[in-house]
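Bear in mind these aren't lab numbers, they're just calculated from the coordinates by the rules spelled out. These figures come from a predicted structure and were not determined experimentally. Note that we place each Cβ from the backbone using ideal geometry, even for glycine, and neighbour counts take in every protein chain shown.
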Amino acid sequence: MGDPRGWRDRARAVWQAGRDQTPARSDDETLRQMEARQARMVLDIATRLASLSLGAGASAADATAIALLVADHHHVPAHVDVTFTSVTMTHQRGYDEDPITLLRTVRSRETDYQRLARLEGIGADIASGRLALDDARQAVLDESHSPRTYRRWLVSTATGALGGAVAWLIGANGLEIVLAALVCGLIERVQGWVARSRMPGFFQQIAGASALGLVAIAIMLGRSTPWVPLSVSPSMVVSAGMVAMLSGLALMTAARDAIDGYYVTSGARMVEVLLQTGGIILGLLTTLWVGLRFGVPAYLTPQVGALTPLLVQVPAAMVISVSFAVVCHLGPRSLPLSAALGGLGVAVSRLLTSQVGTAAAAGLGAFAVSFIAQLGTRRWRVSQLALLSAGVVSLLPGMVTYRGLLATVQLNQGQTVLASESPRLLLTAVLTAVWLAAGSAFGAMVARPFGLPDDPQQRRSLLKAWRRNVPEASRRR
């Protein structure tokens, strides 16, 4: 049988050896759990920052860069996929571990460049080590519920000022300027009321354009009445309202996403631009068609573009850019920069119109604005996209679009239309929009190598986000 104590000693030794090895396995498991928890926290903060940035008006490359900046700082290698409506990040931990994937949707989409600047500041604080993970997560949550920079009444006032300045830019008289300002303020309130009823942006544009068409009918009806001395051009007033509605479209952002290689996001933005522009066309065409159907006479201004002197156009463009900056909640410190770039864009476009044509001159003006905005964005600490959007608002083809639409309605009614008022003007408006998008995107691309940040980590994140579209010389720096 043997000595029982020998069996007991051997059994005790085996049990003791197993107990001594248990803490090592437990420590390894605890370490893996801690690493997984930190990775989840990093990805949570990064996706929140990226989705909020997209909702505030950032491009896909900027949203990708801020997510990569947070992940790289905490040594969490991740793949980032940004689309128009969502942000997805995946951290592959190895062949023996399951990957960690987070998807966050873009819940709200309101252009707010001041919030975008604060979100970029949070990302920079995380990358510099000034903000720990717990504090960073709280800061992001606080930012998602922070109030907007300007109150609603100020935004409505700025929208009215934008419309009045557009009318001033295209040669309106004092009464037309005042009426355009009132109409644009009305459009903003109508669209805000429709938005509060949870209606999609397409129907918001229809509502605003319908209100604009009713104003045009009222003006044309007033001009046809002999006992109402009303010398107001409907083209002047309504084109100002169209610029106010077109200014909020993400045409510049869509062009920049296409240049950066984010074709899915760029395509989605272009579909949104086309859909909302279609809402403007549908609302305005329908209202004008009904008015003309009931015999309201049409009065058109024969001028094709702005005929005011350059000394009038530049200050008008500066007012337009400042008003748009307030509407998009750009910080007070950035308003003088917006004014300067708006004046620059109109000056370049006006000086080159006689040499290259209206559409190409608008594109070259957008190129100049985009180039300077990209060069100064790091020094001024303002988003390049924000300054670009404010700088090119004055170049949007509001007058041409309105006159082309009204000519289309007149032809459908069997009326005679002058050659200078044909529906082909809509092609000029489309061509101008294409030139604006191409000029703004090319200007940013040319100036990018000169505006890379000094911080190596931010530099690396931006280069990853820009993918293969950054010149090779800047990659070697």
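For the range 79-183, applying the loop criterion from DSSP together with a ceiling of 11 other beta carbons within 10 Å to the chymotrypsin sites (Phe, Trp or Tyr not before Pro) yields Tyr95. Listing Leu311, Leu133, Leu288, Leu396 from fewest to most neighbouring C-beta atoms within 10 Å gives Leu311, Leu133, Leu396, Leu288. Using only side-chain charges placed at the Cβ, +1 for Lys and Arg and -1 for Asp and Glu, the dipole size of the range 28-144 relative to its Cα centre rounds to 320 debye.
Please sort by residue number the trypsin sites (Lys or Arg not before Pro) in the range 88-148 whose DSSP state is loop and whose Cβ has at most 16 other Cβ atoms within 10 Å. Qualifying residues, ordered by number: Arg93, Arg107, Arg109, Arg130, Arg148. Shape verdict for the range 28-144, please, from the Cα gyration tensor: rounded (a/c under 1.5), prolate (a/b greater than b/c) or oblate. Cα axes put the range 28-144 in the prolate bin. The GluC sites (Glu not before Pro) found in the range 86-191 that occupy coil by DSSP, while having at most 14 further C-beta atoms within 10 Å, are Glu97, Glu110.
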